[in-house]
Structures are given as C-alpha cells and as structure tokens.
Amino acid sequence: MRCACPRCGRGKLFKGFLTVKDTCDVCGLELSRHDSGDGPAVFLIFILGFLVVPVALWVSMTVEWPLWLHAIVWSIVILGLALGMLRPAKAYVVALQYRYRRNELEGGPHP
C-alpha cells in the first residue's frame with residue numbers, strides 16, 4: 001500500500017504515476033524485471049464492477065435523477081476509484097511477484 005520496494009520496504013517503487021523504477025535507491029533491487037502487465041487493471045475492473053454496480057442500481061431505484069446525471073456521477077466515481085486504486089494495485093502485484101518468483105527476479109537459479 002505504501003508503493004515501496006518489495007525487498008527493503010524503504011525505497012520508492014515508482015518514478016512516475018505508474019512507471020516502475022529501474023532499481024531501488026536503497027537496496028539496489030533491479031525493479032525493471034518486474035512486469036505486472038494488465039493484471040492490476042483487470043483486477044480493478046472486476047472489483048469496482050462488483051462494488052459500484054449494486055450501489056448505482058440502488059441509487060437509480062431510490063432517486064429520480066435524469067440519465068445524463070447518472071452517467072456523469074457514476075463515470076466520475078468509477079474513474080476516481082480506478083485511478084486512486086491503480087497504483088497500490090500495481091505495487092501489490094509487483095510485491096506478489098517478488099514474493100513468489102524471487103529467484104527469477106533477483107537473477108538467481110530457477111527452482
């Protein structure tokens with residue numbers, strides 16, 4: 001959740017919004033080998049769909065908003081949640097890769 005290096009926990013993981021640094025400034029771990037791909041975005045699509053759609057349906061049944069207002073409100077909610085959760089989700093996937101594929105990512109022998 002802190003978006004820190006998976007090995008030492010002190011170095012920064014990102015150099016931009018979602019760009020992973022090449023190496024950790026503190027411990028020297030080569031972070032460029034970590035590849036989360038589209039995994040975090042796919043996970044967030046499922047999680048946000050599971051959480052936001054029932055709330056949106058409940059709100060649409062209890063209040064009388066025009067459709068254009070629903071489109072604006074729920075677009076902003078989903079976009080805000082997705083952008084807010086994407087960075088920690090990517091850091092979590094990188095940490096999971098480090099935990100379960102440490103030998104591959106540190107350049108050691110394959111198990």
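General remarks:
- The residues of the range 20-58 that are loosely packed, with under 14 Cβ neighbours inside 10 Å and under 13 Å from the mean Cα position of the chain (by Cα), listed by number, are Asp35, Gly37, Asp38, Val42, Ile45, Phe46.
- Restricting Ser36, Ser60 to residues that are in contact (Cβ under 8 Å) with a residue 24 or more places away in the chain and out of contact with any Asp or Glu (no Cβ under 9 Å at 6 or more places or on another chain) narrows the list to Ser36.
- Selection over the range 5-19 of residues that are open to solvent by 70 Å² or more (accessible area, probe 1.4 Å) and touching a helix residue (DSSP H, G or I) at 6+ places or on another chain (Cβ under 9 Å) gives a count of 2.
- Scope the range 22-72; condition acidic (Asp, Glu) and touching a Leu at 6+ places or on another chain (Cβ under 8 Å); matching residues: Asp22, Glu30
- For the condition in contact (Cβ under 8 Å) with a residue 40 or more places away in the chain, open to solvent by 100 Å² or more (accessible area, probe 1.4 Å) and either of a type in the set (D, E, K, R) or not in a helix (DSSP H, G or I) (or both), Arg87 does not qualify.
The values are calculated or read from the model by the stated rules, or taken from the named source; none is laboratory data. The structure displayed is predicted, hence computed values, not measured ones. Every residue, glycine among them, receives a Cβ derived from its backbone with ideal geometry; neighbour counts consider all protein chains shown. With ligands, DNA and RNA removed, areas are computed over all heavy atoms of the protein, side chains included. Shrake-Rupley method; radii C 1.70, N 1.55, O 1.52, S 1.80 Å.
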